[in-house]
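Q: Structure in structure tokens, see below.
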Amino acid sequence: MRGDANHLDLIIRNGSVAGLNDVRAMDIGVKDGRISALEDLRDRSAAAEVDASGLIIMPGMVDAHVHLNEPGLGDWEGFETGSAALAAGGVTTYVDMPLNGLPPTVTVQAMELKLATAKNRSYVDYALWGGLVPGKLEHIIPLHEAGVIGYKAFMSKAGGPGKDAFREADDYTLFEGMKLIASVGKVLALHAESDAICSELAERMMSEGRRSAGDYTASRPIVAELEAINRALFFAEQTGCALHFVHVSSEAGVMAIHAAKQRGMDVTLETCPHYLTLTEEALAEKGAVAKCAPPLRSAEEQEKLWRAVAAGYVDMIASDHSPSPLEMKEAESIFAAWGGIAGAQSSMELMVGEGHVKRGIPLPLLARMLSYEPANRFGLSKRKGEIRIGADADLVLLNLETEYELTRERLYHKHKHSPYVGETMHCAVEATYSRGMKVYGRESGLGNIARGQWLSYQV
């Protein structure tokens, strides 16, 4: 296939391109930031040329779940450092969550403040989630008109600083919010854990002086995830609202959602690299840097989740990058420590390394989960999510022959802690290209910080 452009800006030669159906050797031609040719380009030249011999070329990851915490909490993480880590990890588009920024993105005014904070401070492209919280239902339609890609709600306590923190949605807010979101054809993303179950178990354990890593895990059992998933599905059946379940941690949760799909419901789900590469033992060994909600599960549950991934029951992978200063991870009780995994930089290397190199999961399936499905689900697929003529030249060059140990010195996000520090990566991102421009190289480092652009929802 040949594009119309006679003169190319960039040719990436001799790579193995991971499409959505196969992996093929081909050259990639780029013009004006878009892919203009996918073929043998030995007879053509360009302003810049890259030899990708021996490398896999994948579409840039679309990470639909990150917390960069600005405005208001830039001392936790910000657009500059967060997007740097994402670029270094092969992410070319991310979607920032409405928390933990202050104010949270639950009004158009707050959204405009976030966009002003992000402008010219991101290495790669980005979109924004809006929030569904009690007392703000009248802001759902204006946020839709302003260009959010969807809405996020919590079914258990969200945590966060101060009186203006993001609040969990009660059943009335969920039901009425779903009706409004359905009316504009967008998606509601849900943190699905039963607050009644989790809060009661946590209170009992703390009253008994039980504050270990195992106690925290036991306070958020899989049944709490299942109860919330099924309650949300019931509301969605009544309202016609499209749902997306974030960070599903269990095979049982995946299969409950899969069954709803089989009934014809408009529902998707994501899981995260930490559920697939770390187990509950990591929380005891590494401490609160490995604390998250839902919590890490057992090795047996992890294997079940991998089977669901390999079977194609998981729609997408997201990092749920939720960083904080290290001192917030050093509380006396695991229950009091901040819960969130700092993992923006490692998602693609973990999924390709653990999933493909070690387990043999096909690269096209991983490309779908990492890139195509999130772009398609959240209104970004006109430009993002796959290697095809006309799409943005968002490309990642991966070396599957390289192994390395992740160290703090390699991390680009603001606070240099992560549960993946000390772990072996079984592949390496050699370079990341955003709209045809190199934004990261393993040897050269970061490129132009002002490269990233805001992407509003595209119908």
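The values are calculated or read from the model by the stated rules, or taken from the named source; none is laboratory data. Note that this is a predicted model, so its numbers are computed, not measured. So basically every Cβ, Gly included, is an ideal-geometry build from the backbone, and we count neighbours across all protein chains shown.
Q: Quick check on my filter: what residues within segment 198-210 are of a type in the set (Gly, Ala, Ser) and assigned to a loop (DSSP other than H, G, I, E, B)?
A: Narrowing segment 198-210 to residues of a type in the set (Gly, Ala, Ser): 199, 202, 207, 209.
Answer for segment 198-210, where residues must be of a type in the set (Gly, Ala, Ser) and assigned to a loop (DSSP other than H, G, I, E, B): just GLY209.
Q: Do we have any residue at all in segment 411-420 that's of a type in the set (Gly, Ala, Ser), more than 30 Å from LYS31 (Cβ to Cβ) and out of contact with any Gly (no Cβ under 9 Å at 6 or more places or on another chain)?
A: Step one: filter segment 411-420 for residues of a type in the set (Gly, Ala, Ser), giving 418.
Still in the list and also more than 30 Å from LYS31 (Cβ to Cβ): 418.
Of the ones still in play, those that are also out of contact with any Gly (no Cβ under 9 Å at 6 or more places or on another chain) are none.
Checked against the condition, which is being of a type in the set (Gly, Ala, Ser), more than 30 Å from LYS31 (Cβ to Cβ) and out of contact with any Gly (no Cβ under 9 Å at 6 or more places or on another chain), segment 411-420 yields no hits at all.
Q: Give the residue, chosen from SER333, SER324, SER298, that is surrounded by 23 or more Cβ atoms within 10 Å (Cβ to Cβ) and either within 22 Å of PRO98 (Cβ to Cβ) or out of contact with any Cys (no Cβ under 8 Å at 6 or more places or on another chain) (or both).
A: SER324
Q: Among the hydrophobic types (A, V, I, L, M, F, W, C), in contact with a Phe, Trp or Tyr (Cβ under 7 Å, 6 or more places away or on another chain) and crowded, with 20+ Cβ neighbours inside 10 Å - does that describe any residue in segment 211-218?
A: Our first condition is that a residue be among the hydrophobic types (A, V, I, L, M, F, W, C); within segment 211-218, this holds for 213, 218.
Checking which are in contact with a Phe, Trp or Tyr (Cβ under 7 Å, 6 or more places away or on another chain) leaves us with none.
Looking through segment 211-218, none of the residues is among the hydrophobic types (A, V, I, L, M, F, W, C), in contact with a Phe, Trp or Tyr (Cβ under 7 Å, 6 or more places away or on another chain) and crowded, with 20+ Cβ neighbours inside 10 Å.
Q: From the list PRO104, PRO98, PRO71, pick out the single residue that is surrounded by fewer than 22 Cβ atoms within 10 Å (Cβ to Cβ) and in a loop (DSSP other than H, G, I, E, B). Even if it seems obvious, please write down each step before you answer.
A: Details: PRO104 fails: surrounded by fewer than 22 Cβ atoms within 10 Å (Cβ to Cβ); PRO98 fails: surrounded by fewer than 22 Cβ atoms within 10 Å (Cβ to Cβ).
One residue alone meets the criteria, PRO71.
Q: Continuing with this model, one more query. If you scan segment 399-412, which residues turn out to be in contact (Cβ under 8 Å) with a residue 40 or more places away in the chain and either part of a strand (DSSP E or B) or touching an Asp or Glu at 6+ places or on another chain (Cβ under 6 Å) (or both)?
A: ASN399, LEU406
Q: Filtering segment 152-197 down to residues that are within 14 Å of PRO134 (Cα to Cα) and part of a strand (DSSP E or B), which residue is nearest to the chain's Cα centre (by Cα)?
A: Within segment 152-197, the subset within 14 Å of PRO134 (Cα to Cα) is 152-158, 163-178, 180.
Those still in the list that are part of a strand (DSSP E or B) too: 152-154.
Values: LYS152: 13, ALA153: 16, PHE154: 17 Å.
By that ranking, first place goes to LYS152.
Q: Quick check: anything in segment 83-92 in a loop (DSSP other than H, G, I, E, B), modelled with pLDDT under 95 and under 25 Å from HIS191 (Cα atoms)?
A: no
Q: Residues of segment 107-149 being among the charged types (D, E, K, R) and either in a helix (DSSP H, G or I) or surrounded by fewer than 24 Cβ atoms within 10 Å (Cβ to Cβ) (or both), which ones? Can you show your working first?
A: Going residue by residue through segment 107-149, those that are among the charged types (D, E, K, R) are 112, 114, 119, 121, 125, 136, 138, 145.
Matches in segment 107-149: GLU112, LYS114, LYS119, ARG121, LYS136, GLU138, GLU145.
Q: Moving on. Can you pull out every residue in segment 413-459 that is farther than 18 Å from ALA118 by Cβ, among the small types (Gly, Ala, Ser) and surrounded by fewer than 15 Cβ atoms within 10 Å (Cβ to Cβ)?
A: Of everything in segment 413-459, those that are farther than 18 Å from ALA118 by Cβ, among the small types (Gly, Ala, Ser) and surrounded by fewer than 15 Cβ atoms within 10 Å (Cβ to Cβ) turn out to be GLY422, SER444, GLY445.
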